[in-house]
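First the structure, in the form of structure tokens, and then the observations on it.
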Amino acid sequence: DQQVKQNSPSLSVQEGRISILNCDYTNSMFDYFLWYKKYPAEGPTFLISISSIKDKNEDGRFTVFLNKSAKHLSLHIVPSQPGDSAVYFCAASLLRGSNYKLTFGKGTLLTVNP
Amino acid sequence: KAGVTQTPRYLIKTRGQQVTLSCSPISGHRSVSWYQQTPGQGLQFLFEYFSETQRNKGNFPGRFSGRQFSNSRSEMNVSTLELGDSALYLCASSLDGRVLRVGTEAFFGQGTRLTVV
């Protein structure tokens with residue numbers, strides 16, 4: 001069973017507009033969430049994270065929102081730029097665990113058109 | 001500082017062979033995790049090592065094994081290769097395997113692309 005789901009395999013937006021990438025999770029024990037960006041032929045790059053004690057975290061053009069009751073998080077990119085075109089992975093982890101294991105969604109391919 | 005280094009970048013092997021992949025974590029990082037990425041399954045956790053001990057293991061068969069050396073470098077071995085083992089294998093390093101605060105998240109290498117023919 002997939003504990004972290006990214007239901008949109010792809011998303012296309014115009015440069016300058018907002019990109020919203022969504023992620024749902026089923027395991028209520030998850031209490032730390034991360035977004036990674038991945039370009040072809042490269043490893044994932046950490047983008048932004050959020051602890052379950054918060055509902056929003058912002059870093060420049062990137063904002064992550066967490067809705068614990070709905071077990072849903074989203075990544076907002078404003079304004080979107082062509083260089084943001086990549087696959088975005090949502091991941092979940094257990095903050096208090098002594099082992100480090102990320103559970104990933106299958107990713108969403110974002111294409112930002114000039 | 002140098003990032004996570006994985007070698008080799010690309011590898012082609014024949015069914016039935018075995019393969020060893022290498023990962024050098026960021027200096028000072030003691031936790032190394034391995035992931036398999038395939039188009040159908042996404043990124044899946046293989047195992048995690050800390051101080052030369054495997055602490056956590058994903059749902060992969062025993063053909064997948066690993067180890068970690070005293071300098072935190074890690075190797076992953078796959079024996080009796082199958083066509084379905086073709087994937088991008090990613091290594092991630094972190095300070096001690098826990099997300100303590102922002103800035104202690106895992107950093108990934110570029111991966112090793114394994115093709116089994």
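Estimated translational diffusion coefficient (Stokes-Einstein, Kirkwood radius over Cα pairs, 37 °C, 0.692 mPa s) of the stretch B:1-98: 241 µm² per second. The GluC sites (Glu not before Pro) of the stretch A:1-104 that meet both conditions, a loop assignment by DSSP and at most 16 other Cβ atoms within 10 Å of the site Cβ, are A:GLU15, A:GLU42. A 1.4 Å probe over all protein chains sorts A:THR26, B:THR112 by accessible area into A:THR26, B:THR112, starting with the largest.
Hey, what D do you get for chain A in µm²/s if you plug the Kirkwood alpha-carbon radius into Stokes-Einstein at 4 °C and 1.567 mPa s?
Working: Rh = 14.2 Å.
In µm²/s, the coefficient is 91.
In a fully extended conformation the segment linking B:GLN18 and B:ASP96 would gain 25.1 nm over its present Cα-Cα distance, using 0.36 nm per residue.
Between B:ARG9 and A:SER74, the modelled label-to-label distance comes to 3.8 nm, taking each label 7 Å out from Cα in the direction of the beta carbon. Spatially, the stretch B:44-86 and the stretch A:13-92 are offset by 28 Å when compared through their Cα centroids. Note on A:LYS71: aspartates and glutamates with a C-alpha under 12 Å away, same-chain residues under 8 apart excluded, are A:ASP24, A:ASP31, A:ASP55. With both labels modelled 7 Å from their Cα along Cα-to-Cβ, the A:SER51 to B:SER79 distance reads 4.3 nm. Dipole of chain B computed with +1 at Lys/Arg Cβ and -1 at Asp/Glu Cβ about the Cα centre; of B:SER27, B:SER74, B:SER94, farthest Cα towards the positive end is B:SER27.
Which loop GluC sites (Glu not before Pro) in the stretch B:1-90, with loop taken from DSSP, have no more than 12 other Cβ atoms within 10 angstrom of their Cβ? Present the calculation step by step, with values, prior to reporting the outcome.
Details: sites: B:GLU48, B:GLU52, B:GLU75, B:GLU82; in loops: B:GLU52, B:GLU82.
Passing sites in the stretch B:1-90 are B:GLU82.
If you take every residue apart from B:ARG63 with its C-beta less than 14 Å away from the C-beta of B:ARG63, what net charge results, scoring Lys and Arg +1 and Asp and Glu -1? Before the final figure, lay out each step's value.
Values: positive: B:LYS13, B:ARG15, B:LYS57; negative: B:GLU82, B:ASP85.
After counting each charged neighbour, the total is +1.
Ordering A:LYS38, A:LYS71, A:LYS101 by accessible surface, largest first, gives A:LYS101, A:LYS71, A:LYS38; the 1.4 Å probe counts only protein heavy atoms, with every chain in place. Computed over the protein assembly as shown, the Cα gyration tensor eigenvalues convert (square root of 5λ each) into semi-axes of 29, 20, 16 Å, ordered from largest to smallest.
Relative contact order of chain A, taken over Cα pairs closer than 8 Å and 6 or more residues apart, is 37 percent.
With a Förster radius of 35 Å applied to the beta-carbon distance between A:SER12 and B:ARG113, the computed FRET efficiency rounds to 0.85. In the context of the full set of protein chains, residues of the protein assembly as shown present 47 Å² of accessible surface per residue (probe radius 1.4 Å, heavy atoms only). With a simple spin-label model that places each label point 7 Å from the Cα along the Cα-to-Cβ direction, the separation between B:THR53 and A:ASN67 comes to 4.2 nm.
The values are calculated or read from the model by the stated rules, or taken from the named source; none is laboratory data. All figures in this text were calculated on a predicted structure; none of them were measured in a lab. Positions of Cβ are generated from backbone atoms using ideal geometry, with glycine treated the same way; all protein chains shown enter the neighbour counts. All accessible areas refer to the heavy atoms of the entire protein, side chains included, with ligands and DNA or RNA removed. Shrake-Rupley method; radii C 1.70, N 1.55, O 1.52, S 1.80 Å.
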